[in-house]
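Trainee: The structure that follows is given in the form of structure tokens.
The values are calculated or read from the model by the stated rules, or taken from the named source; none is laboratory data. Values in this document were obtained by computation on a predicted structure and should not be read as measured data. Please note that ligands, DNA and RNA were not included when accessible areas were found on the heavy atoms of the full protein model with its side chains. Shrake-Rupley method; radii C 1.70, N 1.55, O 1.52, S 1.80 Å.
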Amino acid sequence: MIADRHRGVEEPGMLFAFAIEIEAAITLGRLQQAETLLDWIWQRAVRLDREWALACAARCRGLLAAARGDEEAAAAAFERALAEHERVQYRRFDLARTLLAQGETLRRSKKRRAAREALGSARDLFDELGARLWSAKAARELARVPGRSRAEGLTETERRMAALVATGKSNKEVASELFVTVHTVESNLTRIYEKLGVRSRTELAHRLPDAKM
């Protein structure tokens with residue numbers, strides 16, 4: 001991105017790697033460098049209203065605030081990022097990365113339930129996109145959240161799938177209703193069974209007798 005700035009590139013939508021560069025600086029402890037780059041991209045993203053750039057930049061703001069120990073600012077930045085992602089009709093991989101970053105930050109802040117929700121959603125989305133290494137990373141972070149009970153261990157996506165399966169719907173019907181692939185349903189159902197300690201759809205229905213959508 002530094003080279004692009006020197007070439008006079010002003011369109012944030014063309015700077016595809018800016019978030020990687022900023023996040024790398026944060027990881028290396030170069031917070032001032034990260035902030036300088038972030039301010040530069042943020043000003044242009046706001047002026048041109050580039051939702052994808054705003055979403056990724058807000059994620060970077062969340063990570064930067066977290067690195068400085070400002071939990072309130074980090075939380076607000078991640079919420080802004082997710083709001084901007086809602087305006088983007090593509091690049092769902094970046095949404096998953098934002099959920100992962102939010103979940104990691106929430107875990108470190110000991111906000112367990114919220115961390116499980118964000119990390120579980122990130123893992124599910126990475127699974128759907130076929131990003132196995134990223135999915136494994138999200139799963140590792142999820143496993144580091146302590147004090148998880150079986151019921152609390154279900155993510156929002158898993159709860160919705162479990163409720164649909166408990167009503168008697170097939171994997172294909174669940175996939176159609178939730179706009180995911182059958183493979184995603186199968187992967188989630190395996191985890192649901194493990195978390196709830198059940199081995200069949202019948203046992204799942206008994207565990208969730210009041211499941212409704």
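Trainee: Which percent of Cα-Cα pairs in the stretch 102-172 sits in each 10 Å bin, short to long?
Mentor: All Cα pairs, binned at 10 Å, distribute as 21, 47, 27, 5 percent.
Trainee: Starting from the residue with the highest accessible area, list Leu129, Leu208 in decreasing order, probe 1.4 Å.
Mentor: Heavy-atom accessible area, descending, gives Leu129, Leu208.
Trainee: Could you identify which residue out of Gly197, Gly103, Gly120 has the top mean-square fluctuation in a GNM of the chain using Cα springs shorter than 10 Å?
Mentor: Sorting by GNM fluctuation, first place goes to Gly197.
Trainee: May I have the pair-distance distribution P(r) for the stretch 21-95, computed from all Cα-Cα distances with 5 Å bins from 0 and rounded to whole percent?
Mentor: 3, 19, 26, 25, 19, 7, 1
Trainee: Would you mind listing how long the stretch 44-156 runs along its three principal axes, going by Cα atoms, in whole Å with the largest first?
Mentor: Over the stretch 44-156, Cα extents along the principal axes are 46, 33, 21 Å.
Trainee: Next question, about the same structure. How far is helix 112-129 tilted, in degrees, relative to the longest principal axis of the Cα atoms in the chain, given as a value from 0 to 90 rounded to the nearest 10?
Mentor: Around 90 degrees separate the two axes.
Trainee: Hey, what angle do you get for helix 71-85 against the long axis of the chain, alpha-carbon based, 0 to 90 degrees rounded to 10?
Mentor: 80 degrees
Trainee: Counting each pair of different Cα atoms once, what's the Kirkwood radius of the chain in Å, rounded to one decimal?
Mentor: 18.4 Å
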